[in-house]
Structures are given as structure tokens and as C-alpha cells.
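J.: Pasting a structure below so you can have a look.
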């Protein structure tokens, strides 16, 4: 049995993953046509490249349909409950860095901390008759973070893209979103809470649970790890 | 679950329910699917981590009932007459995001009493009924009273705003403590806030205000923060009394003595402590051995519930990692919320027959 390695199928994340492995003597490439999601691996035997959307990699790892996968550490935490019991971090790859943060309008001069956000949420609910809305696509991570920090009287509204725009459109009062430089947030008149850092994400090589692995797969994994660490 | 196990659990549930019904409770039921908006409004976003949500094209978002209390209270507030006693039996559904060994659906048998004539007697009635059903299994009872902490907070010598903030976070002990730390001056005011308040008009240089929260709402909060900045810190004595109060964990008679001692300096809790004394008498009259009954002031604070007075649980000592075999308490404020402003005194409890059957098998 080959060891299946899932890698994001497009964009910068794919290219940087290919570069990262190439620097360690393992060549990954798309095989055949540029639009096909088939891949080839040189430099090590027994590894099969599977190109997938980064968002699908957590679930495929959990299901055991791939044994290794490269994806953002944020996606693993968002998509898998008890993620640390289901997958193991093999290597943090040092690129694809992005922070999941909470941001509010610049004009909220009275809000710098989660403490403030909580107090504002209580007043907002009393004034408007509904809970302060936070737009995000990271429901689990944001909810756990706010619960652990004792923030109440908010609600999450789903936003799968252009999250910064939700406040201007009055479909949310605050956002919880991924940012690498904060530039898009600033351009949209938003500021990050001082203690609003939910997770610092980066591209990470994960492996699934080894219980169902064959001896071949174990041997290949060992060979791969020693190559990556060489 | 095997057919045999399932049958044993339902048999036990029916047996429990018939005991409660023979005491005069009316058998009632609730729909499996409950409108999500009411539950979200009550519990907040946390309910999404606990309840299964589904979508109906006409009725909107629905949740598989995570408990019976809310629909039973709603039905009672809509067309029930006092006094009333209800019992129900059926499955409730809970997502288990943390522990996959916990069941996502299980049978509950419940007893709810809407009777304001003698709250202490109603508390004792619910507790003693459930204790009676559990007489043959090895469970440890524990009791508490959220009303004592509420009275203590309401009596604090500080601003109304600070008291309201503490009341709002009564059920979030960590947040509660950090608020107390801030109000006592233990935690410093954030630098950013002092800097903001030092400006004459912090909104002077602010252009358009983005979103639904308006400039006047921001200005109102700045005024509130200015007022708070001039509020004197909570006295060391009050803080100490509150900490002592929350640390009371004794047999009921000793707890009562300790709380009486505290009430000498914290007069606001006297009424709630009298209530505890009356409840202990009522429990005793129902044959409960109060001399060994444990009481913890902080009990029931971490569960995301609506209890605001008497609280109790029955735990299986060998299975402390499992949810209690039975739980209950008083929820007067919930009836006000669900009754659109008018409330009735209410107390109730639930029992999990599956836990009882499992304990009997291992005994």
C-alpha cells in the first residue's frame, strides 16, 4: 500500500508546498495536464500525491483516505473536533501564515479588549433587541474562544467570503477573520482587538492515526520523515 | 445499544413516570423539533455546540429538543393554571463535541412544579421525589442555592452598573472572578482605556461610524466608562466575604451556620439564608437526612442553565466523569422570560434512567 499525501490543489499554497518538499529532496508535481488533479512523486518510493482542496484535507485525513496531508492549522482545528486526538502535527512548514482575529470598526474608540466587546454586546442586545453579530466562517474556533473568555450576548453569522464588508452592509457588527498583514481590515475601517488573537495559523504537515496503516506505509513514513529532517 | 438494554431503560422510565404521576402530576410531552430562535435567545451561541440544528423550509431553523423544560414552561405559561405539576418522559438530544463516549441521545424523565404557595415545600417535594426514585442505587446527592450568591451580589456596595455586570456573569465563574478583580482594583485598568478617557472628546476625530452600532451608543458607553472610573473600588471586606461565601462546602447544617455568620456582615443575604433554613426544614419533614446532606454555595454555577435558586444533583461516585444521574433546581426567572414578563415560581428536576440501569448492572 502506498502512503497517500494530500496537498492543496492550487495557488500559492500548492507551489510553496512543492518548494518545501523539493528543498528536502522530494519532488512533487502535477502529472500530465495542468488542470488535472493527479500528481507524481520523485525522490522517495511508496508515496502517492493526491491533490485536494485545502478545506477537504482535514476530513480526508480523519477518514483515513489519505495518511498525510498539508493544510492550514486553522482548518484542522475548525473542521475536526478533538483534532489533537485525530491527527498529529509532523512538521510546521513555516509559510502560509495567517492569524484568525476579532476585529471591530475603528470608530469604536471604547473597544480595545474582549472585556469591552462583552460589555458592548450586553448594551447592544438591550438597545437593539438581538445579539451582537460576529461574521465568520470559523464557527467552532470562534465560539470556543469566546466561551473560554466569557464573552456573552453575541451570535455568529456565517460569512464565506468578503467578511470585512459585512459591517458596512449592516449584516454584522464585528468580524472574526483570517488576516496576514491586517491591510484589508484597515482598508475597511476595522481594527483588531488587543487580545482578539484566536489562532496563529500556518501550513502544517499532518498525519492521520496510524492504527490502520500497513507495515509498508509505516516504513515509507519513516523513510520520508528521515528525509525531511536530513 | 442492544434491544434488551433499550427495553430496560424505557421500562425504568415508565416506572419512574408512573410514580410521579401517582403523586398527582399531569403527563405532558413536547415536540422533538423546537424553534431554534427561542433556544438561541435563552442560551446564546453556546447552544449550537450542544443542540442539533436543522432547517425547515417554512418554519426556519429548528433544533432537536436539548431538554423538555423550555417547551413545558412555554406550554404552561400559555395556557396552564396554578398550581400545576407536570411529568414528561422521552429522549433529548445533545451534540458531544468533546467526548465521543457520551451518548448523543438519551431518555429523561422529568418533574416540574409550578406552585408559588410555599417555595421551600415545592423545592423539597421535587428533591424528595427524585431521591425516592433513586433509593436503591448508590448515588451521592449535592445541593446548592444560586439565590444566595445573587443576593450577595445585589447587596454589594458599588454602582448599579457593576452589580449588573456581575449578575450577568454569575454562571461564568472565570469571568465573574476577573470582573471582581477589576472592581476591587486588583486588576489594573488597561492603558488604552485610561488614554481614551483622558481625551476631552474621544469621538472628536472619528469620521463616519461604520455599521449598526451608532455614534450615540459609543458616546453612551464612554459616559458609562467615565462613571465607572470614578466608582470607588469594592472594599476588601466585601470581596473577602464574597470569597468566603463561595467557598462554603459543608453538610447542610454546618453550611447554614457558616452562612448565618457571613450574613452578620453581609446583610443582603439574610433573606436567602432564611430561605435555605426553611428548605432544610421542609426536606427534613419529607424524611431527608439533612445532617449528612452536602451543600455547596458554588454548586450549579458552571452548567449552562437557568437555575436561580435551589439547585441539586445526584452523582454516581464511581462515575464522576459522567453527567449526574439526576439534576434539578428552581428557575423562577426563566418563567418570566418565557412568559413575556409575567413569571411564576417554578422548580423541577430530571432523571436519566439509563444511568440508573447501568449502575444496577454493575452493583
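The values are calculated or read from the model by the stated rules, or taken from the named source; none is laboratory data. Treat the numbers as computed from the prediction; the structure is a model and nothing was measured. Methodologically, a virtual Cβ is constructed for each residue, glycine included, from the backbone with ideal geometry; neighbour enumeration extends over all protein chains shown.
J.: So for the range B:198-213 (the condition being assigned to a helix (DSSP H, G or I) and surrounded by 13 or more Cβ atoms within 10 Å (Cβ to Cβ)), does at least one residue qualify?
T.: no
J.: Another question, if that's okay. If you go through the range B:160-179 one residue at a time, do you hit one that is over 23 Å from residue A:109 (Cβ atoms), more than 21 Å from the chain's Cα centre (by Cα) and more than 10 Å from every other protein chain (Cβ to nearest Cβ)?
T.: Yes, the range B:160-179 contains at least one residue that is over 23 Å from residue A:109 (Cβ atoms), more than 21 Å from the chain's Cα centre (by Cα) and more than 10 Å from every other protein chain (Cβ to nearest Cβ).
J.: Only one of these is within 14 Å of another protein chain (Cβ to nearest Cβ), part of a helix (DSSP H, G or I) and without any contact (Cβ under 8 Å) to a residue 12 or more places away in the chain: B:220, B:224. Name it.
T.: After ruling out the rest, the residue left standing is B:220.
J.: Moving on. Please give the number of the condition residue A:121 fails out of (1) closer than 25 Å to residue B:302 by Cβ; (2) surrounded by 21 or more Cβ atoms within 10 Å (Cβ to Cβ); (3) in contact with a helix residue (DSSP H, G or I) (Cβ under 9 Å, 6 or more places away or on another chain); (4) facing another protein chain (nearest Cβ under 10 Å).
T.: For residue A:121, the exception is condition (3).
J.: Please indicate, with yes or no, whether at least one residue in the range A:56-73 is without any contact (Cβ under 8 Å) to a residue 40 or more places away in the chain and within 14 Å of another protein chain (Cβ to nearest Cβ).
T.: no
J.: Turning to a different aspect of this structure: Among the listed residues A:181, A:166, identify the single one that is free of Cβ contacts under 8 Å to residues at least 60 places away in the same chain, under 20 Å from the mean Cα position of the chain (by Cα), farther than 30 Å from residue B:162 by Cβ and not assigned by TED's automatic domain parsing to the domain that holds residue A:88.
T.: On inspection, the qualifying residue turns out to be A:181.
J.: Run residue A:171 past the list (1) over 20 Å from residue B:213 (Cβ atoms); (2) assigned to a loop (DSSP other than H, G, I, E, B); (3) modelled with pLDDT of 95 or more and report the number of the one that doesn't hold.
T.: Unmet for residue A:171, out of (1) over 20 Å from residue B:213 (Cβ atoms); (2) assigned to a loop (DSSP other than H, G, I, E, B); (3) modelled with pLDDT of 95 or more: (1).
J.: Do you know which of the residues in the range A:141-150 that are in contact with a helix residue (DSSP H, G or I) (Cβ under 7 Å, 6 or more places away or on another chain) and closer than 14 Å to residue B:43 by Cβ is modelled with the lowest pLDDT?
T.: A:147
J.: Shifting gears a bit: If residue A:13 satisfies all but one of (1) touching a strand residue (DSSP E or B) at 6+ places or on another chain (Cβ under 8 Å); (2) more than 14 Å from residue A:96 (Cβ to Cβ); (3) modelled with pLDDT under 95, what's the number of the condition it fails?
T.: That leaves (2) as the condition not met.
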